[in-house]
Structure formats: C-alpha cells, structure tokens
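Here it is, the structure in full.
The values are calculated or read from the model by the stated rules, or taken from the named source; none is laboratory data. Since the model is a prediction, treat every value here as computed from it, not as a measurement. With ideal geometry, Cβ positions are generated from the backbone for all residues, glycine too; neighbour counts draw on all protein chains shown. Ligands, DNA and RNA are excluded from the accessible area calculation, which covers all protein heavy atoms including side chains. Shrake-Rupley method; radii C 1.70, N 1.55, O 1.52, S 1.80 Å.
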Amino acid sequence: MPGLYLAALLLSLAGVALTDARLKLAAWRHPGRTIVAVLLGTVFFLIWDAVGIATGVFVKGDSPLLLGIDLAPHLPLEEPIFLLFLCYLALVLHGAATRLRAHRAARRGDGAAGGESAV
C-alpha cells in the first residue's frame, strides 16, 4: 500500500504537534527557537544520510509502503519527513522532561532544577 509510511509519519507528527500545543513544550513555547533547532537537526541528519549513501552504508530497501518518489538515489521522499519528525519529537520530549524535573524539584522545595526549557 504505497504512501502508508508517509501517512503514518504525518499522523505521528500531528500527534506530537497536538501534544506540544496542549502542553506548550516546544513550538508553542518558543516558536522561533524550535523552528531553527528542527531545521538545523533535519539538515544535519540529511547531510549524515548523504555521506552514508555516498559511502554505501545506507541504501534504500524495497518496501511497498513507500510512495516510490526519490529525492536522490537511495533517499526516499519520506526520509526528510522522518528526520523532521525525529528532531521535533526530541524537542518535545526534552521540554516534557524539563518540566517534569522542575515540577518534582518544586514539590521537594528546592529550586535547583529550574523550569525553563532550553528549546
């Protein structure tokens, strides 16, 4: 079923964005910083992929779930979407962990953890 992987990525990305919007963990807290961090991370990993493809370490497998559109040899359309999702998810999880750590520190009565996310 071509496109199922892309649909799953977009659905997952939407779920992370909804969680972020509700809890204000990354993009809804610091939109500019989040956009820059996600774009830099995505570009970094695309360069990483390009090096891996050029050295023969990364190859695209055959999957009926992919759309079949390649941006470059061995680089399917879904790869940059996955990398963007991965970077955004990491920032949202970091924001959640930072908030949880600050909440626990506040309950203990020490202010050492600080509540500001680095995003």
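Lys/Arg Cβ at +1, Asp/Glu Cβ at -1, dipole of the chain taken about the Cα centre: which of Gly41, Val59, Ala26 is farthest positive-ward?
Result: Ala26.
I'm checking a number: the convex hull volume of the Cα atoms of region 13-56, normalised per residue, in Å³. What is it? Display every interim value, and only then the final one.
On the way: hull volume 2.8 nm³, N = 44.
Taking only Cα atoms, region 13-56 has a hull volume of 63 Å³ per residue.
Which of these values of P(r) over Cα pairs in 5 Å bins from 0, in percent was calculated from the structure shown: (1) 2, 11, 19, 20, 16, 12, 7, 4, 3, 3, 2, 0, 0; (2) 2, 12, 23, 24, 18, 11, 7, 3, 1; (3) 2, 11, 17, 17, 16, 13, 10, 7, 4, 3, 1, 0?
So the calculated entry is the one marked (3).
With r as the distance between the Cβ atoms of Phe58 and Met1 and R0 = 22 Å, compute the FRET efficiency 1/(1 + (r/R0)^6) and round to 0.05.
Values: r = 24 Å, r/R0 = 1.09.
Here the calculated transfer efficiency is 0.35.
Mind checking the dipole of region 1-88: about its Cα centre, +1 per Lys or Arg Cβ, -1 per Asp or Glu Cβ, Debye to the nearest 20? Don't skip to the answer; put the middle values down first.
Working: 5 positive and 6 negative charges, 103 e Å.
Taking the Cα centre of region 1-88 as origin, the dipole is about 500 debye.
Using 1/(1 + (r/R0)^6) with R0 = 25 angstrom and r between the beta carbons of Phe44 and Arg107, what's the FRET efficiency to the nearest 0.05? Intermediate values should be presented prior to the final figure.
Values: r = 37 Å, r/R0 = 1.47.
So, using R0 = 25 Å, E works out to roughly 0.10.
Compute the FRET efficiency between His94 and Leu18 as 1/(1 + (r/R0)^6), taking r as their Cβ-Cβ distance and R0 = 22 Å, and round to the nearest 0.05.
Efficiency for this residue pair is about 0.80.
Which percent of the accessible heavy-atom area of the chain goes to carbon and sulfur, probe 1.4 angstrom?
On the way: 5400 of 7520 Å².
Ligands and nucleic acids excluded, carbon and sulfur reach 72 percent.
Give me the Kirkwood hydrodynamic radius of region 34-78, using the inverse of the mean 1/r over all pairs of distinct Cα atoms, in Å to one decimal. Don't skip to the answer; put the middle values down first.
Working: mean 1/r = 0.0864 Å⁻¹.
After inverting the mean inverse Cα-Cα distance, the result is 11.6 Å.
Provide the gained length on full extension for the span Trp28 to Leu71, in nm with one decimal, where the gain is 0.36 nm per separating residue minus the Cα-Cα distance. Present the calculation step by step, with values, prior to reporting the outcome.
Values: separation 43, 0.36 × 43 = 15.48 nm, distance 3.06 nm.
Gain on stretching Trp28 to Leu71: 12.4 nm.
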